[in-house]
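Inspection log for the structure reproduced underneath, given as structure tokens.
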């Protein structure tokens, strides 16, 4: 076993490959990457297997932007179609005892064709793994997750991830239902962001009714909709028209202004959200300005990416944010993710913990 398998959105394999290569080099884990366009995954082959295991344990999964899921394992190919279970259990002998089984595929058309087989195959495989002593009858969340990632009906990567350092969701995808009364499908991006970036046990405290929010580039109101449905009062900033139903709630005040120029009168904003179509570095600078001036406590914003060198663009923006906030001694937490409902953008969340008052007073 020497492979780190990373799931990603189809078409973003080069970005996921560039990212894991960069992070592995930082962690001094030597290897090389294997990636093919539009396959929905990449593989980092580690020269030292133990170093690979350490990497997926020590490197926070939340630090990976383009990865939906990852695990450490090995490729099993040319499995006999009448006894794939034995081929897999021969490999799982080397794995630690796990607490959950996930039989998955890439998020591609080829993967979708395999999904029905995977569902049927999960039951006999789980029984065999239970008999082998590698899987309990009931899910144990404090143990590693066992992954079987099918590329074809006779080929799969088999391995494990750590349950405290992976994606909670099957295939790394949080699927949400589009609310029929939402003004646009972009609403799902903010809904997913809240679920991914705010822990479930903190949601009631940090995303609650009565809070004040600002939505920059709000028109027609897809992101404002998510804030309103959570009971917040929203300043919707956009020169374009807002959805009538949102305006009738009494929770939204529409400011027909440029989102880059608007600033609130008071420093009492709980959430700033922004999905403006603009160069990512310009949006990153705008967010820094809001933070160092203590205008908002938490921020969720999208960075629209170029068609090429998307990882490099992400790195440039995140490095700028880190450098500026550290320069001003701001205490903060930052996460960035290419969410399932994102397309040519990534979503960034920043929670501001402390700002020296002498910066803005």
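Taken together, the values in this text are just the output of simple stated rules run on the coordinates, not laboratory data. Computed from a predicted structure; not experimentally measured. Reconstructed Cβ throughout: ideal geometry from the backbone, glycine too, with neighbour counts over all protein chains shown.
What to note about this one:
- For the listed peptides 42-50, 55-63, 76-84, a ranking on the average number of other beta carbons within 10 Å per residue, highest first, reads 42-50, 55-63, 76-84.
- Overall form of the range 311-361: prolate. Here a/c, set by the Cα gyration tensor axes a ≥ b ≥ c, is 1.5 or more, and a/b is the larger of a/b and b/c.
- Gyration tensor (alpha-carbon) shape descriptor, the range 187-359, a/c threshold 1.5: rounded
- The chain shape via C-alpha gyration tensor axes, a/c threshold 1.5: prolate
- Helix axis angle, 109-132 relative to the chain longest principal axis, alpha carbon, degrees: 60
- Share, in percent, of DSSP beta bridges within the chain that are antiparallel, nearest 5: 65
- Folded to 0 to 90 degrees: helix 187-197 orientation relative to the chain principal axis, Cα: 70
- Residues of the range 225-261 with amide N under 16 Å of a point placed 7 Å along Cα→Cβ from residue 277: 238-241, 259
- Based on DSSP H segments of at least four residues, each scored -39500 (n - 2.57), the chain has a per-residue ellipticity at 222 nm of -10000 deg cm²/dmol.
- Share of pairwise Cα separations in the range 3-172, more than 22 Å, in percent: 39
- Relative contact order %, the chain, counting alpha carbon pairs below 8 Å whose residues are six or more apart: 13
- Axis angle, to the nearest 10 degrees, between helix 49-58 and the longest C-alpha principal axis of the chain: 30 degrees.
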